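What follows is a single structure, and I will ask about it in a moment.
The values are calculated or read from the model by the stated rules, or taken from the named source; none is laboratory data. In this text, all values refer to a predicted model and were calculated from it rather than measured experimentally. Note that we place each Cβ from the backbone using ideal geometry, even for glycine, and neighbour counts take in every protein chain shown. For the accessible areas, the whole protein counts, side chains as well, though only heavy atoms, and no ligand, DNA or RNA atoms are used. Shrake-Rupley method; radii C 1.70, N 1.55, O 1.52, S 1.80 Å.
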Amino acid sequence: MAKNIQSLERAAAMLRLLAGGERRLGLSDIASSLGLAKGTAHGILRTLQLEGFVEQDAASGRYQLGAELLRLGNSYLDVHELRARALVWTDDLARSSGESVHLGVLHQHGVLIVHHVFRPDDSRQVLEVGAMQPLHSTALGKVLSAYDPVAHSEVMEAERRPFTQRTVTAADEFEAMLDLIRAQGWAADAEETWEGVAAVAAPVHDRRRMPVGAVAVTGAVERLAPQGTLRPELIAAVRDCARAVSRDLGAGRF
């Protein structure tokens, strides 16, 4: 089992301390509350201050939470706004397509499923909210890799292991696939991650025209691609859904 890093635990404890109780605390207060030597506490506070997580009042010398935490918090809230804006549109997409719909965002070198609409039938299904999908083989992951520079860097630097015989792993072939995705505006996964499963995904953009997620229809390959190619009406429906969510996020028309 991996050991916890003590300095990170202490930094986290400091941030929690500053987040509760008094708005500003002095070095002695922080050190005594956490059972640390003043020198140790000061070193951690200085590092947090340099990173923008903590600010020091010039007049009193007391410490408070910094603006960088607000930025990170807003990033977390953006995910919730994305999900809230997508609820109606993804429900409509599941109903019109007859298939499951996933909404995913970039997270920890993969795709985090933040919303899942079940296939509208009586079949037994498992909720996948909170599940992680790979960047290089899923439709959601490939869309994010094509449009998000951070995702692109992560997927090119990581090991792209094959899940099936159809998984694209070679760097040059993968880059060519991303070029095609950007040109056509959508990505597909035809049994590249799971045998018998296909998906089509399109990107969602925010008011800054930045990619903040992707929406996908997922289902059995024989239903999504009965003749070996994805049904054109499914591709159009997914793209329309992604555009609608993007407009609700302030992106305007694409």
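Note down the nm distance, to one decimal, between modelled labels 7 Å out along Cα→Cβ at Glu195 and at Ala236.
With each label placed 7 Å out from Cα toward Cβ, I get 3.5 nm.
Can you work out the accessible area per residue across the chain, with the rest of the protein chains kept in place, probe 1.4 Å, in square angstrom?
55 Å²
Using modelled amide H (1.01 Å from N, peptide plane; none on Pro or chain starts), what sits under 5 Å from the amide H of Leu135, excluding residues fewer than 5 places away?
Counting only residues 5 or more places away or on other chains, the set is Val111.
Under 10 Å, Cα contacts only: if you run a Gaussian network model on the chain, which one of Ile44, Ile235, Ile113 comes out with the highest mean-square fluctuation?
With Cα springs under 10 Å in the chain, the top fluctuation among Ile44, Ile235, Ile113 is at Ile44.
Moving on. What's the carbon and sulfur percent of the range 181-254's accessible surface, probe 1.4 angstrom, rounded to a whole number?
Percent of accessible area from carbon and sulfur atoms in the range 181-254: 52.
In nanometres, what is the gap between the two model label sites at Phe118 and Gln6, each 7 Å from Cα along Cα-to-Cβ?
In this crude label model, Phe118 to Gln6 measures out at 5.0 nm.
What does the extension gain come out to for Arg16 and Glu175, with contour length at 0.36 nm per residue minus their alpha carbon separation?
Going from the current span to full extension adds 53.0 nm.
Quick one, can you get me the convex hull of the C-alpha atoms of the range 7-137 expressed as volume per residue in Å³?
158 Å³
Count neighbours as other Cβ atoms within 10 Å of each site's Cβ, and list the trypsin sites (Lys or Arg not before Pro) in the range 191-230 that are DSSP loop with at most 14 such neighbours.
Listed in order of number, the matching sites are Arg207, Arg208, Arg209.
Compute the angle between helix 6-19 and the longest alpha-carbon principal axis of the chain, please, reported from 0 to 90 degrees and rounded to the nearest 10.
80 degrees
Here is a follow-up. Can you tell me the relative contact order of the chain? Whole percent, Cα pairs under 8 Å, sequence separation 6 or more.
14 percent
Using +1 at the Cβ of each Lys and Arg and -1 at the Cβ of each Asp and Glu in the range 151-209, identify which of Met156, Ala202, Leu180 lies farthest towards the dipole's positive end.
Farthest along the dipole direction, towards plus: Ala202.
How much length is gained if the chain between Arg182 and His109 is pulled fully straight, taking 0.36 nm per residue apart and subtracting their Cα-Cα distance, in nm to one decimal?
24.3 nm
Give the Cα extents of the range 122-184 along the principal axes, in whole Å, largest first.
42, 25, 22
Can you find, among Met132, Pro232, Ile5, the residue farthest towards the positive end of the dipole of the chain? Put +1 on the C-beta of Lys and Arg, -1 on that of Asp and Glu.
Ile5
Hey, in the GNM for the chain with a 10 angstrom Cα cutoff, which one of Val200, Val221, Val238 fluctuates hardest?
The residue that fluctuates most here is Val221.
Please go through the range 140-249 and write out the GluC sites (Glu not before Pro) that DSSP classes as loop and that have at most 13 other C-beta atoms within 10 Å.
Answer by residue number: Glu159, Glu195.
How many nm separate the modelled label positions at Val88 and Thr40, each set 7 Å beyond the Cα in the direction of the Cβ?
5.5 nm
Follow-up question, since we're still on this one. Based on the Cα gyration tensor of the chain, what are the three equivalent ellipsoid semi-axes, each the root of five times an eigenvalue, rounded to whole Å and given largest first?
Listed largest to smallest, the semi-axes of the chain are 43, 20, 17 Å.
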